[in-house]
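A.B. asks: Once you've had a glance at the structure underneath, I'll fire off some questions.
The values are calculated or read from the model by the stated rules, or taken from the named source; none is laboratory data. On a predicted model such as this, the values are computed, not experimentally measured, just so you know. Note that each Cβ is placed from the backbone with ideal geometry, even for glycine, and that neighbours are counted across all protein chains shown. When the accessible area is computed, the model is the full protein with side chains, heavy atoms only, and any ligands, DNA or RNA have been set aside. Shrake-Rupley method; radii C 1.70, N 1.55, O 1.52, S 1.80 Å.
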Amino acid sequence: MIRLGLLAAVHLAALPPPFALSAQPDPKAWQDSAVWYQIFPERFRNGDPSNDPVRESLGSKDWLPHSWQTRAWTSDWYARDAWEQAKSDDFFWTAGDRRYGGDIQGIIDQLDYLRDLGINAIYLNPVFWSGSHHKYDAFSFHHVDPWFGPDPGGDLALMAGESEDPATWKWTAADHLFLEMIEKAHARGIRVVIDGVFNHAGLGFFAFEDVRKNGAASRFRDWFHVESWDDPATPGDEFRWRGWQGVAELPEFAETATDGTGDLVPGVKNYLLAVTRRWMAPDGDVTRGVDGWRLDVAWMVPNAFWREWNTLVHALNPAAYTVTEIWKDAQEVTLAGGFDATMNYEGFAMPVKGWLFDTAITPTQFAAWLDRTRAAWPEQTARRLQNLLDSHDTPRAASAAFDGRAGKKYKKRHEFDLAVSGSVSPRDNPGYRWQKPDERAWKLVRMAVLLQMTYVGTPFIYYGGEAGMWGANDPDCRKPMLWDDLVYDAELVGPDGKRREPQEVRFDRNLHAFFRAAIALRREESVFRTGEFRWLALDDAAGTLAFQRAEGEAQALVLFNRSERPQTMRLAAPEGWPEGEISARFVSDGGSAVLRRSGNEVVVEMAPCSAAVFLP
């Protein structure tokens, strides 16, 4: 049973801000206790409708009808505005050009919501100036996007005339609001980590625009991989450059060696190091800065740069957290580059999908996968990995669970098609279950969340997972956040534009209460944060497993029944476990479970698709 008394743990004294942690032997000890929440700024909350994006602010403005407008936050996701219909018959062709008006003020307004949920660390997708909804194609890394702040026009005027020289950089209204957000987050015991995209920029990036304008005469000519310059003697434009993954709209920064053994070229490196100082120690004050960085496509940036960059980061703030985005074999870059952790796609998200959602592997295979990937890390690093179920680059967990079924045919079985194009979206797979998940899917999500809270590593929640959001892979995983104070249109239209039976869209209060209580359990019991881990039982025939977390005299037993039938779980009693009966401290389905010890054995009756936590 979920004990609502655990919710009180969320209201314990707020964590001190990171700059007050220097007296601790390990200034990074807070990372063991982090409960992460990922925010996609454009889709989290519209706190200031007066700054909503206009057509001219979009990188794709030249291809958009003049009727373009921001979209209503609560509208039917697959329904399409007039401008979308004018541009294309294909929902997926226009969805990326939508704007809903999420901004920094919206994040500030909901900091109390995050604190009350139990969140103490947030990761923001890029906030820097860009022409896209996702901001991975920056125009500048030294300014927050003007349309995330209160005065876009004033910010653009203030930025005019700046260069790569930090001495020319101003603080815009959006910049100031972002710093205010950091201050208010810190006051609530919430640390702030931002996205660093140091492999590439966007077509509107100030240095790239200069290269396009001045060609080989540009002082930034060495910043990018230019493959050919325009020949003014011909009518065509021969200017070509290398883009990330072949995407021309994302020009890659140049390196000193083409085989990855070099460094970023001096101009780029100096600029990025200056950007890092600006946001970590605004005007030289580290107490006002961000608490760390998540590094996009980290394996595509030279390790020589990462070593120097991490040295700078941790010199500025010894408590700072730096985390890589690497989906497979993350150890080499993460450890050699001096990072603290990685987003644990390979060691958590993939095997959880493979076992809990798809039943493509057995409990024994699942345990072996977790053991292998966990053992690849130093113990301290393993405790600080971000154990995620979903993100802006994957289907939402509820949709993955709803689409999960035995016997699936994978394009990449070693990843269980976690985010494989052509498999996990109705864009390319008409059979994908994009509809509202059923109750069984939510039961599996609850099991997965309880695993996040009790396994080695830090739990990582993608915005809205706690509110009942669902969606296939990008763009469907980036819907506007569900809020309890808003009334949403039902989803009546499918991705093909055809009408369907209405599907209610609303904030799920029961699921939110479950997340809140599960987070409180983790924050209250240190054994789940720093305790030792060992398996107690693995039963492939029954579809069950059990593990123990132990630290000193404290211990906990965590049991999972993935099967569709009730199961009687019997396992050897751990040393020191008391005789008699103990009721579960927490059960994923909201029911109850009782553990009985008799002699050297403990016995628990587990409901179908459920997990339970027992504390002596």
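A.B. asks: Identify the single condition in (1) in contact (Cβ under 8 Å) with a residue 60 or more places away in the chain; (2) crowded, with 22+ Cβ neighbours inside 10 Å; (3) out of contact with any Asp or Glu (no Cβ under 8 Å at 6 or more places or on another chain) that TRP293 does not satisfy, given that it satisfies every other one.
C.D. replies: The failed condition is (3).
A.B. asks: Sort out which residues of the stretch 138-178 are open to solvent by less than 40 Å² (accessible area, probe 1.4 Å), over 22 Å from GLY196 (Cα atoms) and within 30 Å of the chain's Cα centre (by Cα), and write them in order of number.
C.D. replies: PRO152
A.B. asks: From the residues in the stretch 456-481 that are open to solvent by 10 Å² or more (accessible area, probe 1.4 Å) and outside any loop (DSSP other than H, G, I, E, B), which one is nearest to LEU117 (Cα to Cα)?
C.D. replies: The selected residue is GLY465.
A.B. asks: List pairs: first residue in the stretch 232-250 and at positive phi, second residue surrounded by 11 or more Cβ atoms within 10 Å (Cβ to Cβ) and in a loop (DSSP other than H, G, I, E, B) anywhere in the structure, Cβ distance under 9 angstrom, at least six positions apart or on different chains.
C.D. replies: Matching pairs, first to second residue: GLN245/VAL297.
A.B. asks: Considering only the stretch 255-289, state which residues are among the β-branched types (Val, Ile, Thr), modelled with pLDDT of 95 or more and farther than 19 Å from VAL192 by Cα.
C.D. replies: THR256, VAL265, VAL268
A.B. asks: Moving on to the next point. Quick check on this structure: which one of VAL275, VAL268 is farther than 18 Å from LYS135 by Cα, in contact (Cβ under 8 Å) with a residue 12 or more places away in the chain and either within 26 Å of the chain's Cα centre (by Cα) or crowded, with 21+ Cβ neighbours inside 10 Å (or both)?
C.D. replies: It is VAL268.
A.B. asks: Against the conditions (1) over 27 Å from ASN303 (Cβ atoms); (2) open to solvent by 60 Å² or more (accessible area, probe 1.4 Å); (3) assigned to a loop (DSSP other than H, G, I, E, B); (4) modelled with pLDDT of 95 or more, where does LYS213 fall short? Just the number, please.
C.D. replies: (3)
A.B. asks: Only one of these is modelled with pLDDT under 95 and farther than 30 Å from PHE528 by Cα: LYS408, LYS436. Name it.
C.D. replies: It is LYS408.
A.B. asks: Please find, within the stretch 232-246, the residue that is farthest from HIS143 (Cα to Cα) out of those that are out of contact with any Leu (no Cβ under 9 Å at 6 or more places or on another chain) and either open to solvent by less than 70 Å² (accessible area, probe 1.4 Å) or in a helix (DSSP H, G or I) (or both).
C.D. replies: In this case the residue turns out to be THR234.
A.B. asks: Could you list all residues from the stretch 525-545 that are surrounded by fewer than 17 Cβ atoms within 10 Å (Cβ to Cβ) and either part of a helix (DSSP H, G or I) or in contact with a His (Cβ under 7 Å, 6 or more places away or on another chain) (or both)?
C.D. replies: THR530
A.B. asks: Can you tell me how many residues within the stretch 181-200 are closer than 20 Å to PHE40 by Cβ and more than 20 Å from the chain's Cα centre (by Cα)?
C.D. replies: Count: 1.
A.B. asks: State whether the residues of the stretch 326-338 include one that is modelled with pLDDT of 95 or more, part of a loop (DSSP other than H, G, I, E, B), within 19 Å of ASP539 (Cβ to Cβ) and open to solvent by less than 20 Å² (accessible area, probe 1.4 Å).
C.D. replies: no
A.B. asks: Would you check which residues across the stretch 339-376 are more than 30 Å from ARG43 (Cα to Cα) and under 21 Å from the mean Cα position of the chain (by Cα) and list them?
C.D. replies: LEU370, THR373, ARG374
A.B. asks: Does the stretch 262-274 contain any residue that is over 30 Å from ILE122 (Cβ atoms), outside any helix (DSSP H, G or I), among the acidic types (Asp, Glu) and touching a Phe, Trp or Tyr at 6+ places or on another chain (Cβ under 7 Å)?
C.D. replies: yes
A.B. asks: Now, a different point. Just to be sure I understand, how many residues within the stretch 71-127 are open to solvent by less than 10 Å² (accessible area, probe 1.4 Å), in contact (Cβ under 8 Å) with a residue 24 or more places away in the chain, part of a helix (DSSP H, G or I) and hydrophobic (A, V, I, L, M, F, W, C)?
C.D. replies: Summing the residues that are open to solvent by less than 10 Å² (accessible area, probe 1.4 Å), in contact (Cβ under 8 Å) with a residue 24 or more places away in the chain, part of a helix (DSSP H, G or I) and hydrophobic (A, V, I, L, M, F, W, C) in the stretch 71-127 gives 7.
A.B. asks: Continuing with this model, one more query. Criterion first (under 26 Å from GLN435 (Cα atoms) and β-branched (Val, Ile, Thr)) does VAL505 satisfy it?
C.D. replies: Here the answer is yes, as VAL505 does meet what is asked.
A.B. asks: Counting only residues that are among the charged types (D, E, K, R), open to solvent by less than 20 Å² (accessible area, probe 1.4 Å) and assigned to a strand (DSSP E or B), how many does the stretch 558-577 have?
C.D. replies: Residues meeting the conditions: 0.
A.B. asks: How many residues does the stretch 445-495 contain that are farther than 17 Å from ALA419 by Cα, touching a residue at least 24 places away in the same chain (Cβ under 8 Å) and acidic (Asp, Glu)?
C.D. replies: Qualifying residue count for the region: 4.
A.B. asks: Which numbered condition in (1) open to solvent by 40 Å² or more (accessible area, probe 1.4 Å); (2) closer than 16 Å to VAL197 by Cα; (3) more than 23 Å from the chain's Cα centre (by Cα) is the only one that TRP299 fails?
C.D. replies: So the condition that TRP299 fails would be (3).
A.B. asks: I've got another one for you. Got at least one residue in the stretch 418-431 being open to solvent by 20 Å² or more (accessible area, probe 1.4 Å) and in contact with a strand residue (DSSP E or B) (Cβ under 7 Å, 6 or more places away or on another chain)?
C.D. replies: no
A.B. asks: Residue under question is TRP30, and the condition is that it be modelled with pLDDT of 95 or more, of a type outside the set (Lys, Arg), open to solvent by 10 Å² or more (accessible area, probe 1.4 Å) and in contact with a strand residue (DSSP E or B) (Cβ under 8 Å, 6 or more places away or on another chain); does it hold?
C.D. replies: When the stated conditions are applied, TRP30 passes them.
A.B. asks: Six or more apart or on different chains, Cβ atoms under 6 Å: show the pairs whose first residue is in the stretch 380-404 and without any contact (Cβ under 8 Å) to a residue 60 or more places away in the chain and open to solvent by less than 10 Å² (accessible area, probe 1.4 Å) and whose second is outside any loop (DSSP other than H, G, I, E, B) and aliphatic (A, V, I, L, M).
C.D. replies: Final answer for the pair search is ALA401/ALA441; ALA401/LEU444; ALA401/VAL445.
A.B. asks: Here's something else I'd like to know. Can you confirm whether ALA320 is within 21 Å of the chain's Cα centre (by Cα), buried (at least 21 other Cβ atoms within 10 Å of the Cβ) and over 16 Å from ASN199 (Cβ atoms)?
C.D. replies: Here the answer is yes, as ALA320 does meet what is asked.
A.B. asks: Within the stretch 80-135, how many residues are closer than 24 Å to VAL493 by Cβ and of a type in the set (A, V, I, L, M, F, W, C)?
C.D. replies: Total satisfying the criteria: 7.
A.B. asks: Let me ask you something else. Give the residues of the stretch 406-417 that are of a type in the set (D, E, K, R) and either buried (at least 21 other Cβ atoms within 10 Å of the Cβ) or more than 30 Å from ASN510 (Cβ to Cβ) (or both), sorted by residue number.
C.D. replies: LYS409, LYS411, LYS412, ARG413, GLU415, ASP417, listed by residue number.
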